[in-house]
Amino acid sequence: MTTIDYAIVVTYLLGLIAAGVLYRVRRDTSAVAFIVGGRTLTLPAFVASLVSTWYGGILGVGEYTFRYGISNWLVFGLPYYIAAFLFAVFLAKKARESEFLTIPDRLEKTYGKTAAGVGSIIVFLMTVPAAYVLMIGVLGEIVFGWPLWLGILIGTLFSLVYVHFGGFKSVVRTDLLQFGLMFTGFIILLVFAISRFGGIEFLQGNLPEEHFTWHGGNSGWYIAVWYVIALATLVEPAFYQRCYAVKKIGDARRGILISIACWAFFDFLTTSCGLYARATLPQLDNPVASFPALAALILPAGLLGIFVTALLATVMSTIDSYSFIAASTFGRDIVWRFFNTPDHKTTYYTRWGLLISTALAVILALYFESVVDIWHDFGSVGTPALLIPLFTAFVGRRRMPAKQTVISMICSGLLSLVWLLSKHLSSSGEYWFGLEPIFPGILLSLGFYVTYSKPVE
């Protein structure tokens, strides 16, 4: 990193602060304005915001590709494209037509206030961006040599200042910038890698054979588990929020389909760069650092700064979005719903929720050592609790009564949580019966649905 590289990074960070100050909420402080931007989101902004928000795990993608090759696409790509397609077909239009602001709004409309309360707590915990706060800290360690805690604090601060001022509109405006940066950075890196080392022949000659297999050396069951975990997309708050915010109803479905194409192209870029990192730096001690290490090896001054900024933008676009969703869940779905505060006070309590969710994210990031563990653990508990009640609230002709829905949400989530803890309680260090915790929770929830669901009148 040279002076010009640091100058590019600092300019980007200052630009984020300026965006928050310039576009802060001044007049309309209603919940609709602050949480979904007054439902004025255009199709290009919808795509840019959703694409950048849903791809924050960039260092994890680099690590997985470095270790296992093109199977990254079958684990972190294809399952999520399928799940996003299902969301687009079955849920996107219905979500926009509902005119709700949050997931718990839908739960209350369908199942009552208690179900909304349980759902609020689950959504809040699922959207606290601990994984991405940890990743920004790791990125600070790798690129700037900071201690992990310092990278976490500085990265989180710059990710959230503009959200405090401008709410959802600031999130979207900065996502437009971050969308452009993430694609630009990886296109630059891949072009330089190909021009310096050559194309597919170079990779075939310098990578293990398993890196070109569909499994990458992992078992089929391991890969299959990710297809179930990807179903968390159907209860993904970032998808619902953007569908609620889009201006034209039809753009909700179109936007997700366009986003899938963007993710597929970006996965091509990142997987290709990960292969080049493994081929050129086979002795790299920390595969998490594969993208920054490759960039440092081949990019000249200035372009290195652009690529580092692209990495920061990819992670920060996810931190700001999920922090804001967690904050709005606190301000709207917990405080407003259960303490009868006026609607215009939602913005005030959402800003307090931003502080609370940020503090919790930092604590969890310092406690956990793995980004993938955070994704796995929180998704394994939250998805079984929400998946069937929320999906059937929008789709289908059968639903459970309110009481059974609440019991199903609590019991399926608790079962998956206990199953998750069994790995740490057993002497073998394995889950009970070798079964991933997401499965028993989903099976229990499905059992409740089959037993108690009734035709919708």
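What follows draws every value from the coordinates through simple rules; no lab data is involved. If you're wondering where the values come from, they're calculated on a predicted model, not measured in any experiment. Note that each Cβ is placed from the backbone with ideal geometry, even for glycine, and that neighbours are counted across all protein chains shown.
Observations
- Computed label-point distance, nm, for sites Ser426 and Phe90 using a 7 Å Cα→Cβ extension: 3.0
- Placing +1 on each Lys and Arg Cβ and -1 on each Asp and Glu Cβ, with no other charges, gives the stretch 327-457 a dipole about its Cα centre of roughly 660 debye.
- Simple Cβ-charge dipole of the stretch 3-383, Lys/Arg +1 and Asp/Glu -1, about Cα centre, in debye nearest 20: 1540
- Basic side chains Lys and Arg get +1 at the Cβ, acidic Asp and Glu get -1 at the Cβ, and with that the dipole of the stretch 82-144 about its Cα centre reaches some 260 debye.
- Peptide packing for 337-343, 288-294, 432-438, 104-110 was compared via the average number of neighbouring C-beta atoms within 10 Å per residue; ordered from the highest value, the list is 288-294, 104-110, 432-438, 337-343.
- Considering only Ala264, Ile200, Ser328, the residue lying farthest towards the positive end of the dipole of the stretch 3-383 is Ser328, judged by Cα position with unit charges set on Cβ.
- Calculated FRET efficiency for the pair Phe212/Ile363, C-beta based, R₀ 45 Å, to 0.05: 0.65
- For the pair Asp285 and Tyr6, label points projected 7 Å from Cα toward Cβ lie 2.3 nm apart.
- Stretching Ala261 away from Phe144 to a fully extended chain increases their span by 38.8 nm, per 0.36 nm per residue minus the current alpha-carbon distance.
- Dipole of the stretch 3-383 [Lys/Arg +1, Asp/Glu -1 at C-beta], most positive-end residue of Gly56, Val371, Ser290: Gly56
- Between Leu435 and Tyr227, the simple label model (points 7 Å from Cα in the Cβ direction) yields a spacing of 1.9 nm.
- Close amide H partners of Arg399, meaning residues 5 or more places away or on another chain with modelled amide H under 5 Å apart, are Lys454, Val456.
- Positive-end extreme of charge dipole, the chain - chosen from Ser428, Gly305, Phe239 (charges on Cβ): Phe239
- Lys pairs, the stretch 3-383 - Cα-Cα below 15 angstrom, 8 or more residues apart or on other chains: 6
- One chain, two ends: Lys454 and Val395. Fully extended at 0.36 nm per residue, the span grows by 19.9 nm beyond their Cα-Cα distance.
- On the beta carbon distance between Ile356 and Ala18, with R0 = 30 Å, the FRET formula returns roughly 0.70.
- Span-like helix ranges in the chain, DSSP H, alpha carbon extent 27 angstrom or more, Kyte mean at least 1.0: 3-22, 148-197, 303-328, 346-367, 371-394, 402-425
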